[in-house]
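Bear in mind these aren't lab numbers, they're just calculated from the coordinates by the rules spelled out. Not measured: the values here are computed from a predicted model. When we count neighbours, we look across all protein chains shown, and the Cβ atoms used for this are built from the backbone with ideal geometry, even at glycine.
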Amino acid sequence: MSRILITGVAGFIGSHLAEFLLARGDTVHGIDEFNDYYDPRIKRQNLGKAQANDRFSLVEGDICDEVLVRTQFEAFEPDVVVHLAARAGVRPSLQNPNLYHRVNVIGSQHILDACRDYQPSHLVFASSSSVYGGSLEVPFSEQNPVMRPISPYAATKRMNELQAHVYSQVYGVKVTMLRFFTVYGPRQRPDMAIHKFTKAILQGDPLPMFGDGSTKRDYTYIDDIIDGVVRCIDRPFDYEIFNLGESHTTELRTLISLLEKHLGVKANIEHHPNQPGDVPITYADVSHAREKLGYNPSFSMDEGIARFVAWYKENQGLA
């Protein structure tokens, strides 16, 4: 039974992770800013089950507040830290790159400094498949040089990987970086495609499709992501990077068809040109995670979309 500190605990991935760890007997302390990137009420609802557990505690605060970060490390004395807090999203980062740098780079610097000084056993740190940029060398391997990100968000996540490598080499902080590939499922952020499309289809609103629908994404169901994160919590490495994806691609037009199937409603598709920062494909090579972690993603898109739709219909009043 470990003491685990999770930043960004009220988010989509963080809240699922907290519930899983509490269910197996760990003690969890969360930090979350509850900012207005999307409705904070949704984040508070995400934590409902965790907050009913007496082994869960929470502080509301910003990782850019260095004093707050250090105070939480000193008081909680975590065995493991999972750093999920970040400004997410490719398109919003194009509008406000300074904010993304402040939160994702400077805020993460405070987490790394605290890990150096308070010495938890290791740090599990969220990166992103966005670091691969517009690479057409598919599937994407961790050996790819990832030198050409095409959004401020992607650049900050690559910077996180480099920051963490320095702290591993210079200060001996054990760090595992996780490149998540388009995570979806119950509680998915409302700004993400599957959530937005579901809402538009059910309300009869135009569904914006950027490009001709041939772009492909490696959509990863939340349970498979949590499995990969927990395997890293339980297996410290000096410094490793792992892709966590389904290792399967789905075209945008196929995704829309799956949503239509499970919602029982036809989409009113509205065509738009490709957007800046978008990439034609994401596709995870997960062989490294299979070998080192025993990671074995198992959810098909059909099953995952069915589960998301069922959750959405139950929660759409706030979702």
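Sort 42-51, 81-90, 136-145 by packing, meaning the average of other beta carbons within 10 Å per residue, with the highest value first.
For the peptides 42-51, 81-90, 136-145, the packing ranking is 81-90, 42-51, 136-145.
List the residues, sorted by chain then number, that are 5 or more residues from residue 140 or on another chain and whose placed amide H is less than 5 Å from its amide H.
The list, which skips near neighbours in sequence, is 283, 284, 285.
If each DSSP helix of 4+ residues adds -39,500 (n - 2.57) and the sum is divided by the residues in the chain, what number results at 222 nm, nearest 500 deg cm²/dmol?
Mean residue ellipticity at 222 nm (helix-derived): -12000 deg cm²/dmol.
Among the listed pairs 196/261; 216/313; 266/313; 216/266; 43/157; 43/266, which are separated by more than 19 Å between their Cα atoms?
216/313; 216/266; 43/157; 43/266
Once both axes come from the Cα atoms, what is the angle between helix 12-23 and the longest principal axis of the chain, in degrees from 0 to 90, rounded to 10?
Relative to the chain, helix 12-23 is tipped by roughly 60 degrees.
Which value, in debye to the nearest 20, gives the size of the charge dipole of the chain about its Cα centre, when Lys and Arg are +1 and Asp and Glu are -1 at the Cβ?
My answer is approximately 420 debye.
What does the convex hull of the alpha-carbon atoms of segment 121-271 project to on average, in nm²?
The Cα convex hull of segment 121-271, projected and averaged over all directions, gives 9.8 nm².
What are the residues whose amide H is under 5 Å from the amide H of residue 269, where those residues sit 5 or more places off or on another chain and H is modelled from the backbone?
Here 207 satisfy the definition.
Could you work out Rg/(2.2 N^0.38 Å) for segment 60-206, with Rg from alpha carbons only?
1.15
For the chain, calculate the relative contact order in percent as a whole number, restricting contacts to Cα pairs under 8 Å that are 6 or more residues apart.
On the way: 609 pairs, mean separation 55.8, N = 319.
Across the chain, relative contact order equals 18 percent.
From the P(r) of the chain, could you give the percentage of C-alpha pairs in the tail past 28 Å?
Percent of Cα pairs beyond 28 Å in the chain: 37.
Kindly give the semi-axes, whole Å and largest first, of the ellipsoid equivalent to segment 1-84, taking each as the square root of 5 times a Cα gyration tensor eigenvalue.
18, 17, 9
Enumerate the amide H contacts of residue 211 below 5 Å, restricted to partners 5 or more residues apart or on another chain; note that Pro and chain-start residues carry no placed amide H.
Counting only residues 5 or more places away or on other chains, the set is 272, 274.
Please pull out the direction-averaged projected area of segment 239-319, using the convex hull of its alpha-carbon atoms, in nm² to one decimal place.
On the way: hull surface 32.4 nm².
Orientation-averaged projected area of the Cα hull: 8.1 nm².
Quick one: angle between helix 301-315 and the longest Cα principal axis of the chain, in degrees between 0 and 90, rounded to 10, please.
Result, in degrees: 80.
Going by alpha carbons, how many degrees (0 to 90, nearest 10) lie between the helix axis of 252-263 and the longest principal axis of the chain?
80 degrees
What fraction of the DSSP beta bridges in the chain is antiparallel, stated in percent and rounded to the nearest 5?
Close to 5 percent.
In nm, what is the difference between 0.36 nm times the number of residues separating residue 1 and residue 45 and their Cα-Cα distance?
13.2 nm
Consider just the alpha-carbon atoms of segment 272-311 and return their Rg together with their Dmax, both in angstrom.
In Å, with Rg to one decimal and Dmax whole: 15.2, 42.
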